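Notes follow the structure.
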Amino acid sequence: MKNRKLSISQRKAFIGIIFLLPFFIHFAIFQIYPFFSTLVTSFTNANLMSLTQKFVGFKNYVSVLQDKLFITSLKNTFIYLLIDGIGVVVFGMLMAIALNKKIRGLSFFRTTYYIPVLVDWTIVSIVFLFILEPNFGIANYFLREMGLPTQKFLTSPKQALIIIAIASVWKGVGYYAVLFLAALQDVPEVLKEAASLDGAGPVRIFFHISLPHMMPVVVFVVLMAFIGSLKGFDQFYIMTSGGPARSTTTIMYYFYEVAFTNMNTSKGATIAILFTIIVLAFTGTQRLLSNKLAGVEGVN
């Protein structure tokens with residue numbers, strides 16, 4: 001009987017492995033192999049114009065870290081992350097609180113707020129380029145009509161990065177609002193009613209009851225929002241192509257330019273590995289800070 005049970009458990013394990021095998025094969029081919037291939041390439045002098053490559057050690061890493069454009073891209077990425085990452089979290093929470101109210105036409109508003117998330121970045125970028133065109137754009141037309149000075153918008157090194165970040169907040173805030181809304185609706189009504197009977201107002205109920213219950217979702221949203229900001233590329237490529245004066249060259253655009261425009265595969269691989277290290281360090285640091293703020297058990 002014991003052998004029979006063992007045989008059945010073994011068969012179940014085998015069936016489980018069979019079902020998981022496609023995932024592991026896909027993960028190995030499209031995740032593990034590319035990562036280690038990129039890592040190996042970063043230690044060579046490979047480029048897209050040559051089929052041969054030679055081991056050069058840490059030469060590419062030294063070259064990238066000494067490149068002023070790499071430092072500029074890190075600074076631009078950090079500024080963009082602060083505006084976009086914090087923006088979608090703050091406004092996503094405010095939007096979720098508003099959408100959680102029982103008002104007429106709520107379904108219409110929920111759908112409307114999510115539409116920008118569904119629109120591709122190509123379309124969004126073209127629309128913003130049309131609106132913000134310095135000479136014939138709608139934005140400057142209204143500024144002139146109101147007697148206000150016109151702006152350079154995306155052609156200004158001081159304005160371009162901030163404008164793209166604001167556009168990113170507008171496009172992505174609906175996605176995070178949905179996550180916050182689901183978390184808000186999961187907060188037990190009994191606790192909020194009890195707090196209300198004790199004289200607590202809406203603000204106090206939110207910060208002392210709703211927010212602690214939502215903390216696992218908040219941590220997840222903050223992490224996803226910041227990583228999404230770090231990976232931003234489409235909007236920069238379409239709206240400004242890294243300009244003007246390198247003011248919108250982020251680390252992802254810098255990687256694209258080096259690896260595919262300049263065809264320097266090895267240096268591009270080095271940037272990709274450094275970017276991975278930055279994301280892992282950022283994720284680990286944020287995880288530790290979040291655990292201290294929310295409590296390890298609650299976050300997990």
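Structure data summary
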item	result
Amide proton proximity set for Thr44, modelled H, under 5 Å, gap of 5+	Val56
Those chymotrypsin sites (Phe, Trp or Tyr not before Pro) in the range 194-275 that DSSP places in a loop and that have at most 16 other beta carbons within 10 Å	Phe233
Which of Val89, Ile273, Gln235, positive extreme of dipole for the chain (C-beta unit charges)	Ile273
Extension gain from Ala182 to Asp234, taking 0.36 nm per residue of separation minus the Cα-Cα distance	15.8 nm
Mean Kyte hydropathy of 1.0 or more with a Cα span along the axis of at least 18 Å, helices from DSSP in the chain	68-99, 160-185, 211-230
Coil-residue chymotrypsin sites (Phe, Trp or Tyr not before Pro) of the range 8-68, DSSP, other Cβ within 10 Å capped at 13	Phe58
Cβ-Cβ FRET estimate between Val217 and Val40, R0 fixed at 35 Å, reported to 0.05	0.35
Rounded to the nearest 20 debye, dipole of the chain from Cβ charges on Lys, Arg, Asp, Glu	800 debye
GNM flexibility winner over the chain from Gly16, Gly284, Gly57 (Cα, springs under 10 Å)	Gly16
Candidates Thr240, Thr265, Thr276, ranked by Gaussian network fluctuation over the chain, Cα under 10 Å, top entry	Thr276
Mean-position separation - Cα centroids, the range 5-33 and the range 71-103, in angstrom	39 Å
Proximal charge balance of Gly92 [Cβ under 14 Å; K/R count +1, D/E count -1]	+1
Of Lys101/Lys171; Lys54/Lys231; Lys102/Lys192; Lys102/Lys231; Lys101/Lys231; Lys68/Lys231, pairs whose Cα-Cα distance is over 26 Å	Lys54/Lys231; Lys102/Lys231; Lys101/Lys231
Filtered chymotrypsin sites (Phe, Trp or Tyr not before Pro), the range 71-156: DSSP coil and at most 12 other beta carbons within 10 Å	Phe136
Mean separation of Cα contacts under 8 Å (6+ apart) over length of the chain, as relative contact order %	29 percent
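Any read-out appearing in this document is the output of simple, stated calculations on the displayed coordinates, not a laboratory observation. Only a predicted model underlies this, so the values are computations on that prediction, with no experimental measurement involved. Note: ideal-geometry Cβ built from the backbone for every residue, glycine included; neighbour counts use all protein chains shown.
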